[in-house]
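Taking it in order: structure first as structure tokens, then the write-up.
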Amino acid sequence: YLGGLIIIAFIVFEASHDNGDINVFISASGDLLAGNNIYSILYYDWYHYYYDVLFALILAPFTFLPLYVVKAVWLSANIFFAFRIWKILRNWLPVALLGKKIKVVFTILSIFFVFGLLIDNLHLTQLTIFILYLTLEGLALIGNRKILAGSVLLALGINIKILPLVIIPYLLYRREWK
């Protein structure tokens, strides 16, 4: 329970701040709905919107909510995505073959190395966790023979940010296409 309360307190604290990439995403989405060119507008004095129109359209319903609510939802979703990423990676790695003490060391070291990056991504409400989630969940679904669902997640990740495109050669090598 204490861990859950700490996470809730973190989300409430971070959602109350007026910074982060989600502000740009939501502002651009609102501008798109108003018919403005979201690629020519400077947000918060000097930030540009660099992502696809589809992402702005997906976020459109959130433009009608207060920004702190949107940020709380985004942060909560990213905590879920980070947890899911952890589960996927644990399934792929031969962690079950490790002894109990080594598992504990592995878990502590994993948390140690990822914690700072995770906190920075959450604090700045960035897309990195979401994009990594879409990529790994897509690969996991493809690996479980749910090719259409996995492909849709990968396509969405590539559409939002080109980074997951590096997975395509791997899938071609494994002959995972339809």
Quiz item: Taking into account only those residues within the stretch 1-41 that are among the small types (G, A, S) and closer than 15 Å to A72 by Cα, which is modelled with the highest pLDDT?
Solution: G20
Quiz prompt | Conditions (1) closer than 23 Å to Y51 by Cβ; (2) at pLDDT below 90: number failed by I111 | solution = (1)
Practice problem: Collect the residues in the stretch 1-23 that are closer than 21 Å to A56 by Cβ and not in a helix (DSSP H, G or I), keeping them in residue-number order. | Solution: D18, N19, G20
Practice problem: Answer with yes or no whether D31 is out of contact with any helix residue (DSSP H, G or I) (no Cβ under 6 Å at 6 or more places or on another chain) and open to solvent by less than 50 Å² (accessible area, probe 1.4 Å). | Solution: yes
Exercise. Scan the stretch 41-52 and give yes if some residue there is closer than 20 Å to L156 by Cβ and exposed (fewer than 15 other Cβ atoms within 10 Å of the Cβ), otherwise no.
Key: yes
Exercise. Determine whether the stretch 27-40 contains at least one residue that is within 18 Å of Y133 (Cβ to Cβ) and in a helix (DSSP H, G or I).
Key: no
Exercise. Inspect all residues belonging to the stretch 88-108 and state whether any of them is closer than 30 Å to V24 by Cβ and within 19 Å of the chain's Cα centre (by Cα).
Key: yes
Practice problem: Having 3 or more residues that are open to solvent by less than 30 Å² (accessible area, probe 1.4 Å) and of a type outside the set (D, E, K, R) is the bar; report the helices (runs of 4 or more DSSP H) wholly within the stretch 65-178 that clear it. | Solution: 67-92, 100-123, 128-143, 147-160
Quiz item: Just wondering, is there one or more residues in the stretch 91-113 that are under 17 Å from F130 (Cα atoms) and in contact with a Phe, Trp or Tyr (Cβ under 9 Å, 6 or more places away or on another chain)?
Solution: no
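The values are calculated or read from the model by the stated rules, or taken from the named source; none is laboratory data. Just so we're clear, the structure is a prediction, and the values are computed from it rather than from any experiment. Counting neighbours? That spans all protein chains shown, and the Cβs are built from the backbone with ideal geometry, glycine included. Calculation scope for accessible area: heavy atoms of the full protein, side chains included, ligands and nucleic acids excluded. Shrake-Rupley method; radii C 1.70, N 1.55, O 1.52, S 1.80 Å.
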